[in-house]
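Each remark here refers to the structure printed beneath this line.
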There are 2 protein chains.
Amino acid sequence: MNQNTSSDTMNALVSLTKRRGFVYPSSEIYGGLANAYEYGPLGVELKRNIMNLWWKRFIQQRADMVGLDSSIILHPKTWEASGHVGGFSDPLIDCKQCHHRKRADHLIEEHFAAKGEEKQVEGLANEELDQIIKDAKIPCPYCGAFDWTNVRQFNLLFETSIGIVPESESKAYLRGETAQGIFVTFKNILDSTRVKLPFGVGQTGKSFRNEITLGNFVFRTMEFEQAEIEYFFDPEQTDWVPLFADWQDKMWQFVTGDLGIATDHLRWREHPDEERSFYSKRTVDLEYQYPFGYKELWGLAYRTDYDLKQHMEYSGQDLRVVDSSTGRKFVPHVIEPAVGINRLFLMVLLEAYTQDEANQRIVLKLPKQIAPYRAAVFPLLKNKPELVAKAKEIFEQLSQDFPVAWDDRGNIGKRYLSQDEIGTPTCITVDFQTLEDGTVTLRDRDSMQQTRVAVEDIAAQL
Amino acid sequence: MNQNTSSDTMNALVSLTKRRGFVYPSSEIYGGLANAYEYGPLGVELKRNIMNLWWKRFIQQRADMVGLDSSIILHPKTWEASGHVGGFSDPLIDCKQCHHRKRADHLIEEHFAAKGEEKQVEGLANEELDQIIKDAKIPCPYCGAFDWTNVRQFNLLFETSIGIVPESESKAYLRGETAQGIFVTFKNILDSTRVKLPFGVGQTGKSFRNEITLGNFVFRTMEFEQAEIEYFFDPEQTDWVPLFADWQDKMWQFVTGDLGIATDHLRWREHPDEERSFYSKRTVDLEYQYPFGYKELWGLAYRTDYDLKQHMEYSGQDLRVVDSSTGRKFVPHVIEPAVGINRLFLMVLLEAYTQDEANQRIVLKLPKQIAPYRAAVFPLLKNKPELVAKAKEIFEQLSQDFPVAWDDRGNIGKRYLSQDEIGTPTCITVDFQTLEDGTVTLRDRDSMQQTRVAVEDIAAQL
């Protein structure tokens, strides 16, 4: 599965995901909508499985974590306090000749990437970006001219208005991240649960960024699914260094263990001082080797007490915690592991995509626990009612516990290939022998091995 | 549990849900945000359980259903085609004295409800609403004056803009319902899956309505979670009458069977001709008896081929299906079962809320399969390391499979009361006998019966 560095693989994958109902370009009948996608019948199952697995590992199975589901539209002051209204922006640049607009950082990165070089520009000031563009004489990718405006910052928050009465409308924002909902409800959570520091609050949900750059399929979209955690602790009681390392371990385990990603497709990237926010003591990104380069998958940041302090200042509320043994009041510090579910989704598909030329097939070698269907059930022949009835019975029974596909079209070989392409781990065929001895053929996706198993043992085998 | 008709129950429930971490008023530290709520650690688990159960029953366990996850921001033409831009509005009225604005239909309903009468005004024209207000001389609830403007319609869609560049911005809307995403991707689904009519597409997700009326806690909120299905069929092959009745059965089974709602708290309300959209042949609401009256829980509408035809007209695309045996092309008809998850959530809590005066306790008698915690684990004494260690071991093991609470504070009696109040079906206590014979005390929430069970049999008992 080292094919994932090729852009051919990306094209093949985009085509497969559309053809088989994982991901569709948004609003296609209306001519499409840039940077937006719809998750079809198989995609929604894969995405749900990834999200549910995240929830299980990071919320349910941990005694020190609780979940939350906060609003997409929060009080607008939230985004002033968080700095998003003031500073959540992209550096944009205009071509004076053709009037196309580009993200300046992407313009530079793409220019150097085309020459096989990797240029890190995150955290650079507008003037520094201007200088690089000037020095490298980077032309407009649309018209070829070299006639740029200066770089300017544009805010990424989507705006809307609450109140349907024009004179009483108030400006509001669609959340740019789920994390701020955790800080805004921090006091509610403290007051209503028995959590004791250190503890974390996690949530999954949609966030929105007004992107203008085309986003490499579902990697960067206007609307995206996040899974964020704020892990609160008392800096006088808990040393942040091992805690940070422990979160790195947990992220690594999830990606390599649960999602089955090869370790040589992953790397840690340490944010240098100039890229890190002034309040962050350390930030690392777990990066995956996408076909378009190593890109952030999962960020881990030690944000100190910055966010809670900002909300204290903007709200006038006391968000401090009391140390019950000493009476000391303090603002907890946080470590934030934040991942984009859509990026996990794309990574998992890229990693699973396998051209098995020896067997003339495409296989999605998805981990069993996240594959859209856990199994597929086939009657050997669709015109034999007794085979169909028995297969239906098995289908009904298995689908009580997990998603199961049904296929009675074409021959068995074609059905195998069709299920391989969508990652179904096991195919179950009901044939004449089934009616005699109560066994079925189980066929394994990866090894292509077939074994006979008694009907009552199927569930255990899956 | 006939207590749910009382507004005292509603107040007690709102207080309990805040105090125990089910639901918080939104953005409290910033003075709040009307008609918005946050789901805390217990609320998010309860809501997830309801949504997952819906998904299991209506998507996973049915061979004729597939899932979808479409965008919140779709191409704006979607909402012109659907009629939302033109007609998705509320009738509002202003008091000329105090300048408060009210929904005219709610003004009338509340006025008559206060006199113990039920007045149905859905589907009435603005002039008819004006006439009722005039005839009944309904005063302004804020200032008492009787000096109203005429009723006017205001659109409920939230607006936003795509594109961060002012001159290239295009107006977009936050979806007012999830259903339109199904129609817009109908062709993608047909082309990419093996669905054959009749089949349904279902999805869950957030929708948005710019409400000005205070919404009875989470019953009516600006942002809310829907679960909608469009069930497509060929009207020449499938008789809609029994199909409609079958969907009524399925909704009824889910609400009474899975969610445990008493049948005498439910009723079907048939929409009369004047209330029904012109294209709908039949619409019924499954209503629940909330403390503020019988209200729509789950709507079921036979929408004919209206929506697909509208999208055909606005997109110029052919969304017809071909009958493979005759070659006939036709636009499928749909039956739409649409439910608000937040309304199920509120119903389930109201139904479960029980003042058990004989035992001086509040109990949430939630069905086991949706309770936030399936069980709670206690060490009898927190200062006995061997009890704590054994209890932790049981906690760790059980939480592999479902959410489990931990409590080591106060005495056992108080811990029981605390778990009763949040609906935990079973409490598991590790005591000295556990260390001797490997059994624990299982205490049942509803019967308060205690039994001794071997540690290895606990999971089966839950």
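The values are calculated or read from the model by the stated rules, or taken from the named source; none is laboratory data. None of these values were measured; they are calculated from a predicted model. Cβ: placed from backbone, ideal geometry, glycine included. Neighbour counts: every protein chain shown. All accessible areas refer to the heavy atoms of the entire protein, side chains included, with ligands and DNA or RNA removed. Shrake-Rupley method; radii C 1.70, N 1.55, O 1.52, S 1.80 Å.
Using Cα centres only, tell me the gap between the stretch A:36-65 and the stretch B:361-418 in whole Å.
26
Going down the table (A:196/B:414; B:134/B:206; A:47/B:414; A:56/B:77; B:18/B:414), which pairs top 29 Å between alpha carbons?
B:134/B:206; A:47/B:414; A:56/B:77
Can you give the % of DSSP beta bridges in chain A that are antiparallel, to the nearest 5? Before the final figure, lay out the partial values.
Details: 66 of 77 bridges.
In chain A, DSSP labels about 85 percent of beta bridges as antiparallel.
Taking the convex hull of the Cα atoms, report for the stretch B:90-134 its projected area averaged over all directions, in nm². All intermediate terms of the calculation are to be shown ahead of the outcome.
Details: hull surface 13.1 nm².
Convex hull of Cα atoms, orientation-averaged projection: 3.3 nm².
Just to confirm the numbers: residue A:64, label point 7 angstrom along the Cα-Cβ line, distances to the other copies in nm, shortest first?
Label-point separations across copies, in nm and ascending: 5.1.
Report the accessible area of residue B:277, computed with a 1.4 Å probe over the heavy atoms of all protein chains in place, in Å² rounded to the nearest 10.
Accessible area of residue B:277: about 50 Å².
How large is Rg over Rh for the stretch B:142-205, taking Rg from the Cα atoms and Rh as the Kirkwood inverse mean of 1/r across Cα pairs?
Values: Rg = 20.3 Å, Rh = 16.5 Å.
Here Rg/Rh amounts to 1.23.
Per the Cauchy relation, a quarter of the hull surface: what is the mean projected area of the convex hull of the alpha carbons in the stretch A:385-426, in nm²? Spell out each step's value before the answer.
Values: hull surface 12.7 nm².
The directionally averaged projection comes out at 3.2 nm².
Put the label 7 Å from Cα along Cα→Cβ for residue B:382; what are its distances to the other copies, in nanometres, shortest first?
6.3
Within the stretch A:1-93, what whole-number % of the accessible surface is contributed by carbon and sulfur, with the 1.4 Å probe and all protein chains included in the calculation?
Numbers: 1330 of 2760 Å².
Roughly 48 percent of what the probe reaches on the stretch A:1-93 is carbon or sulfur.
From the label point of residue A:324, set 7 Å along Cα to the beta carbon, how far off in nm is each other copy's matching point, shortest first?
Ordered by increasing distance: 6.5 nm.
Kindly sort A:307, B:130 by accessible area of their heavy atoms, largest first, with the probe set to 1.4 Å.
Details: A:307 5, B:130 30 Å².
Descending order: B:130, A:307.
Over the stretch A:59-161, with the other protein chains present, what is the accessible area per residue in square angstrom, probe 1.4 angstrom?
On the way: 4620 Å² over 103 residues.
Heavy-atom SASA per residue in the stretch A:59-161 reads 45 Å².
What number results when the radius of gyration of the stretch A:179-284, computed over Cα atoms, is divided by 2.2 N^0.38 Å? Provide the component values of the computation, followed by the final result.
Numbers: Rg = 16.6 Å, N = 106, 2.2 N^0.38 = 12.9 Å.
Cα-based Rg divided by the globular estimate yields 1.28.
Can you list which of the GluC sites (Glu not before Pro) found in the stretch A:241-347 are DSSP loop residues with at most 14 other C-beta atoms within 10 Å?
A:274
What percent do you get for the relative contact order of chain A when only Cα pairs under 8 Å and 6+ apart count?
Values: 798 pairs, mean separation 65.0, N = 462.
RCO, chain A: 14 percent.
Excluding ligands, DNA and RNA, what is the accessible area buried between chains B and A, summed over both sides, using a 1.4 Å probe, to the nearest 100 Å²? Before the final figure, lay out each step's value.
On the way: alone 22030 and 22010 Å², together 36640 Å².
What B and A bury together is about 7400 Å².
Filter the trypsin sites (Lys or Arg not before Pro) in the stretch A:72-178 to those in DSSP coil with at most 15 other Cβ atoms within 10 Å of their Cβ, and list the result.
Sites meeting the loop and neighbour criteria: A:96, A:115, A:119, A:137.
When you take every Cα atom in the stretch B:394-462, what is the radius of gyration, and what is Dmax, the widest Cα pair distance, in Å?
Cα-based Rg and Dmax for the stretch B:394-462 come out at 11.6, 32 Å.
Sorting check: for A:419-432, B:231-244, which peptide has the highest mean count of neighbouring beta carbons within 10 Å, and how do the rest follow? Each step should come with its number before you reach the end.
Details: A:419-432: 22.1, B:231-244: 15.7.
Top to bottom by mean Cβ count within 10 Å: A:419-432, B:231-244.
Top to bottom by accessible area (1.4 Å), largest first, where do B:380, B:462, A:308 land? Can you show the working numbers first?
Numbers: B:380 60, B:462 25, A:308 5 Å².
The most accessible residue leads, giving B:380, B:462, A:308.
Report, as an integer, the average count of C-beta atoms from other chains found within 10 Å of each Cβ along A:55-66. Don't jump to the answer; show the numbers that get you there.
Details: counts 4, 5, 0, 0, 5, 7, 6, 2, 8, 0, 1, 6.
Across the residues of A:55-66, the mean count of other-chain Cβ atoms within 10 Å is 4.
Taking the C-alpha atoms of the stretch B:52-143, how large are the radius of gyration and the largest Cα-Cα span, Dmax, in Å?
20.2, 59
Please report, in whole Å, how far the alpha carbons of the stretch B:346-462 spread along each principal axis, starting with the longest.
So the three principal-axis extents are 42, 28, 21 Å.
Once ligands and nucleic acids are excluded and a 1.4 Å probe is used, how much of residue A:395 is accessible, expressed in Å² to the nearest 10?
10
Note down, for the protein assembly as shown, the three equivalent ellipsoid semi-axes (square root of 5 times each alpha carbon gyration tensor eigenvalue), biggest first, whole angstrom.
Over the Cα atoms of the protein assembly as shown, the semi-axes work out to 38, 37, 36 Å.
Given the C-alpha centroids of the stretch B:257-290 and the stretch B:139-211, what is the distance between them in whole angstrom?
After rounding, the separation between the Cα centres reads 22 Å.
Rg to Rh ratio, the stretch B:210-270, alpha-carbon atoms and Kirkwood radius? Present the calculation step by step, with values, prior to reporting the outcome.
On the way: Rg = 15.9 Å, Rh = 14.8 Å.
My calculation puts Rg/Rh at 1.08.
Suppose we consider the axis relating copy A to copy B; can you name the residue of A with the nearest Cβ and state that distance in angstrom as an integer?
A:160, 2
Ordering A:265, B:111 by how much accessible area each has at a 1.4 Å probe, largest first, what is the list?
On the way: A:265 5, B:111 45 Å².
From most exposed to least exposed: B:111, A:265.
If you check each cysteine of chain B for another cysteine whose beta-carbon is under 4.7 Å away, which ones come up empty?
Within chain B, the cysteines lacking a partner Cβ under 4.7 Å are B:427.
Per Stokes-Einstein, at 37 °C and 0.692 mPa s, what whole-number D in µm² s⁻¹ belongs to the stretch B:329-406, with the Kirkwood radius over Cα pairs as the hydrodynamic radius?
Translational D for this selection: 200 µm²/s.
If you take each beta carbon of peptide A:20-27 and count the beta carbons of other chains within 10 angstrom, what is the mean?
Details: counts 2, 11, 1, 3, 9, 1, 10, 12.
The shielding value for this peptide is 6.
Over all pairs of distinct alpha carbons, what does the Kirkwood formula give as the hydrodynamic radius of chain A, in Å? Don't jump to the answer; show the numbers that get you there.
Numbers: mean 1/r = 0.0400 Å⁻¹.
About 25.0 Å for chain A.
Using only Cα atoms, figure out Rg for the stretch B:101-189 and give it as a multiple of 2.2 N^0.38 Å.
1.61
Taking the full set of protein chains and a 1.4 angstrom probe, give the accessible area of residue B:451 in square angstrom, rounded to the nearest 10.
70
Do any trypsin sites (Lys or Arg not before Pro) in the stretch A:369-462 lie in a loop, going by DSSP, with at most 15 other beta-carbon atoms within 10 Å of their beta carbon, and if so which? Before the final figure, lay out each step's value.
Values: sites: A:374, A:382, A:390, A:392, A:409, A:414, A:415, A:443, A:445, A:452; in loops: A:374, A:382, A:409, A:445.
Qualifying residues, ordered by number: A:382, A:409.
Calculate the mean, over all residues of peptide B:184-193, of how many other protein chain Cβ atoms lie within 10 angstrom of the residue's Cβ. Don't skip to the end; give the middle numbers.
Values: counts 7, 10, 1, 3, 11, 5, 1, 5, 12, 5.
Mean partner shielding for this stretch: 6.
For the stretch B:216-344, what Kirkwood radius comes out of the mean inverse Cα-Cα distance, in Å?
Numbers: mean 1/r = 0.0611 Å⁻¹.
Evaluated on the stretch B:216-344, it is 16.4 Å.
Taking the Cα centre as origin and putting +1 on Lys and Arg beta-carbons and -1 on Asp and Glu beta-carbons, what dipole magnitude results for the stretch B:77-160, to the nearest 20 debye? Walk me through the intermediate numbers first.
Working: 10 positive and 15 negative charges, 53 e Å.
Roughly 260 debye, rounded to the nearest 20.
Throw me the Rg/Rh for the stretch A:32-71, computed over C-alpha atoms with Kirkwood Rh, two decimals.
Values: Rg = 14.1 Å, Rh = 12.3 Å.
With Rh from the inverse mean 1/r over Cα pairs, Rg/Rh is 1.15.
In whole Hz, with x marking every Gly and Pro, tabulate ³J(HN,Hα) for the stretch A:78-93 from phi via Karplus 6.51 cos²θ - 1.76 cosθ + 1.60, θ = phi - 60°.
Result, ordered by residue: 3, 7, 6, 4, 6, x, 5, 5, x, x, 8, 9, 10, x, 10, 9 Hz.
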